[in-house]
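A quick write-up on the structure given underneath.
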């Protein structure tokens with residue numbers, strides 16, 4: 001199999017950059033992996049309270065994961081720090097889109113708001129394997 005080089009898509013809001021890409025999972029045909037990277041490029045410390053994700057496939061089916069946090073953690077990022085998260089969702093179609101938000105708190109202002117996660121196009125592992133071989 002050819003090495004898979006992920007294509008990140010990035011969206012920056014208020015100095016917080018969220019990047020996402022697909023992750024291929026070996027021998028898994030009914031799930032789709034993804035990577036998220038959250039970078040604090042703002043001037044102040046932030047807390048990441050959780051995420052609200054949605055996967056919608058080309059047949060119109062939607063899946064919303066039940067875990068709103070990053071493995072149960074509330075993360076704190078100082079300026080210049082980043083956090084990477086890898087997970088997977090069920091995928092019973094050839095392609096889908098992943099989208100959503102991360103809820104953060106700006107420490108200096110105590111402001112809570114949502115940062116958009118860039119829309120990520122995903123293809124099933126079956127289609128990815130056929131394209132890469």
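The values are calculated or read from the model by the stated rules, or taken from the named source; none is laboratory data. Since the model is a prediction, treat every value here as computed from it, not as a measurement. Using ideal geometry, Cβ is built from the backbone for each residue, glycine included, and neighbour counts are taken over all protein chains shown.
Selection over segment 81-97 of residues that are without any contact (Cβ under 8 Å) to a residue 60 or more places away in the chain, within 17 Å of residue 123 (Cβ to Cβ) and not in a strand (DSSP E or B) gives a count of 2. Summed over segment 24-51, residues that are more than 20 Å from residue 72 (Cβ to Cβ), touching a strand residue (DSSP E or B) at 6+ places or on another chain (Cβ under 8 Å) and at pLDDT 85 or above total 6. Total residues in segment 55-80 satisfying the condition of being more than 19 Å from residue 112 (Cα to Cα) and assigned to a loop (DSSP other than H, G, I, E, B): the figure is 10. Does residue 100 meet the test of being surrounded by 15 or more Cβ atoms within 10 Å (Cβ to Cβ), on the phi > 0 side of the Ramachandran plot and not in a loop (DSSP other than H, G, I, E, B)? Judged against the criteria, residue 100 is a match.
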